[in-house]
Amino acid sequence: MAAEKESGGTFSPRQTCEHFLEEAFDRLETVDEVRNLLRAPYRETRFELPLNRDDGSVSVFYGYRVQHEHSCGPFKGGLRFHPDVDMDHFVALAQLMTWKTAVLNLPFGGAKGGVNCDPRQLSSRERETLTKRYVERVAMIIGPDRDILAPDMGTGPQEMAWIVDAYALQAGFEPGVVTGKPLALGGSPGRLAATGRGVALVAGWAAEAAGIRLDGATVALQGFGNVGSHTARFLADQGAKVVAVVDVEGGKYSAAGLDIEGMVKAVQDQPGGAVPDLAVEGETISSEELFALEVDLLIPAAIGGVIHRGNADRVKARMVVEAANLPVTSEADQMLRERGVVVVPDVLANAGGVTVSYLEWVQNRQRYQWTEDRVNRELTDRLQHAWREVRERSEASDISYRLAAYQLGLERTIEAIELRGF
Ligand code: NAD
């Protein structure tokens with residue numbers, strides 16, 4: 001996707017990802033052949049998805065699946081329904097998944113896919129047809145040992161359930177082809193909240209390392225969907241004061257702290273409910289105003305490229321925690337670093353989701369459902385281990401958390417490629 005941002009230039013997820021990758025390559029001794037293998041995806045697929053609309057018309061959407069790397073295990077990555085996606089977008093997000101699974105030491109590679117539709121403009125029947133048709137098109141290249149799908153922006157447990165059904169027609173009942181499913185179809189306790197739980201955990205450890213006490217820390221959050229709302233709830237539970245929340249429709253601000261419990265409940269009661277319409281006290285605020293707030297933690301949990309060279313110098317937060325994928329452009333990353341703003345990178349901050357997806361896949365293989373306590377304990381242990389490794393590398397080499405995470409992810413992936421041979 002190449003969207004023009006307010007005085008921030010054009011945002012290219014692919015260029016952003018490539019920039020971070022090249023920075024990490026520069027510090028590692030990697031032979032050119034391996035670098036070239038890792039720069040490009042293993043497979044890029046794009047296909048037409050015609051849809052008979054409820055009103056009798058036909059819309060033609062495009063479906064995508066990009067598989068980046070699979071030396072450590074099957075490809076793994078989410079399914080995004082959003083009008084502004086294209087191949088470059090998925091190439092970047094698939095690569096990001098490779099580093100994320102490697103940073104967490106999960107036996108997966110990286111992939112990403114989706115459809116260029118606006119799910120809010122589709123009826124439930126239309127979304128079901130589109131999701132099942134998508135699976136028909138990619139059935140040959142997905143599966144529990146090939147490529148495992150998951151929710152991302154614009155998709156959730158219901159779409160994952162439709163994927164189980166469509167895949168079963170091709171290969172028999174194989175719930176491990178997708179994670180983030182409803183519990184009744186082999187989903188994992190704790191998966192729905194896992195990404196937000198992970199963001200809050202990592203934010204807490206990073207805040208402590210930076211001398212910020214989470215209890216009483218102020219937080220501004222962009223995005224109040226699955227990731228944003230759960231992040232807000234877990235941070236508020238730990239005593240943080242969430243002063244501002246913005247979604248695609250607008251936002252709310254309260255210096256005294258917003259009623260997060262009330263907002264989460266309102267959104268659960270009315271799925272898709274917009275933040276400005278929620279019946280909680282607060283002044284109106286825009287995303288750009290939110291980014292400039294003097295807070296301890298700024299958490300972008302919506303789309304990519306929102307903190308860019310046009311607004312990075314207005315960021316007054318002490319720490320930016322990337323709950324979304326690629327929310328900070330490479331130029332903004334540099335600007336924040338120079339001003340001493342700590343950035344906790346997406347490949348670590350939002351990795352709680354894929355970690356519990358892994359645990360769900362393990363449970364599917366065992367045909368045995370764990371308790372939520374067990375899932376949450378495993379999630380915390382694995383994330384904490386990864387956080388410690390990233391922090392140690394960052395301190396030992398005097399590099400950013402992002403560069404440290406990329407290096408760790410690259411080293412593990414390269415070792416697997418070299419051991420297998422190519
Ligand atoms: P979602 O569809 O549930 O919610 C998206 C939220 O972002 C909504 O509140 C929406 O209103 C808001 N939003 C969209 N465009 C916006 C804009 N222009 N300005 C302000 N707000 C905007 O999606 P999600 O699953 O919560 O995913 C959010 C981000 O987290 C994405 O970048 C996704 O890739 C990443 N992520 C998600 C998961 C997961 O498990 N769902 C895991 C890892 C990373």
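Remarks
- Size of segment 41-187 as Cα extents on the principal axes (Å, biggest first): 47, 34, 23
- Taking amide H as placed 1.01 Å from N in the peptide plane, the amide H of Glu69 sits under 5 Å from that of Tyr42, Gly110, each at least 5 places away or on another chain.
- Bridge type composition, the chain - antiparallel percent by DSSP, nearest 5: 55
- Nearest-20 debye value, the chain charge dipole, Cβ charges on Lys, Arg, Asp, Glu: 880
- Accessible surface, per residue, of the chain when the full set of protein chains is kept, probe 1.4 Å, Å²: 40
- A Förster radius of 30 Å, combined with the Cβ-Cβ distance separating Glu18 from Glu294, puts the computed FRET efficiency at roughly 0.35.
- Model label points for Arg146 and Arg388, set 7 angstrom from Cα along the Cα-to-Cβ axis, are 3.9 nm apart.
- Separation of the alpha carbons by more than 18 angstrom is noted, of Lys100/Lys316; Lys76/Lys100; Lys100/Lys181, for Lys100/Lys316; Lys100/Lys181.
- Rounded to the nearest 20 debye, dipole of segment 331-404 from Cβ charges on Lys, Arg, Asp, Glu: 240
- Spin-label model, Arg337 to Ala274: label points 7 Å out along the Cα-to-beta-carbon direction sit 3.8 nm apart.
- Pairs of C-alpha atoms in segment 208-262 farther apart than 15 Å represent 43 percent of all such pairs.
- Dipole of the chain computed with +1 at Lys/Arg Cβ and -1 at Asp/Glu Cβ about the Cα centre; of Ala349, Leu326, Val245, farthest Cα towards the positive end is Ala349.
- Mean shadow area of segment 192-349, taken as a quarter of the surface of its Cα convex hull (nm²): 7.9
- For the chain, the percent of C-alpha pairs falling in each 20 Å distance bin, counted from 0 to the bin holding the largest distance, reads 28, 61, 11, 0.
- Of all DSSP bridge pairs formed entirely within segment 41-187, close to 70 percent run antiparallel.
- Descending semi-axes in whole angstrom, ellipsoid equivalent of segment 341-398, from the Cα gyration tensor: 28, 11, 9
- Accessible surface of the chain [probe 1.4 Å, protein heavy atoms]: carbon and sulfur percent: 45
- Mean Kyte hydropathy of 0.5 or more with a Cα span along the axis of at least 15 Å, helices from DSSP in the chain: 87-103, 191-209
The values are calculated or read from the model by the stated rules, or taken from the named source; none is laboratory data. Everything numeric here is computed off the predicted structure, so don't read it as measured data. With ideal geometry, Cβ positions are generated from the backbone for all residues, glycine too; neighbour counts draw on all protein chains shown. Keep in mind that these areas ignore ligands, DNA and RNA; they rest on the heavy atoms of the full protein, side chains included. Shrake-Rupley method; radii C 1.70, N 1.55, O 1.52, S 1.80 Å.
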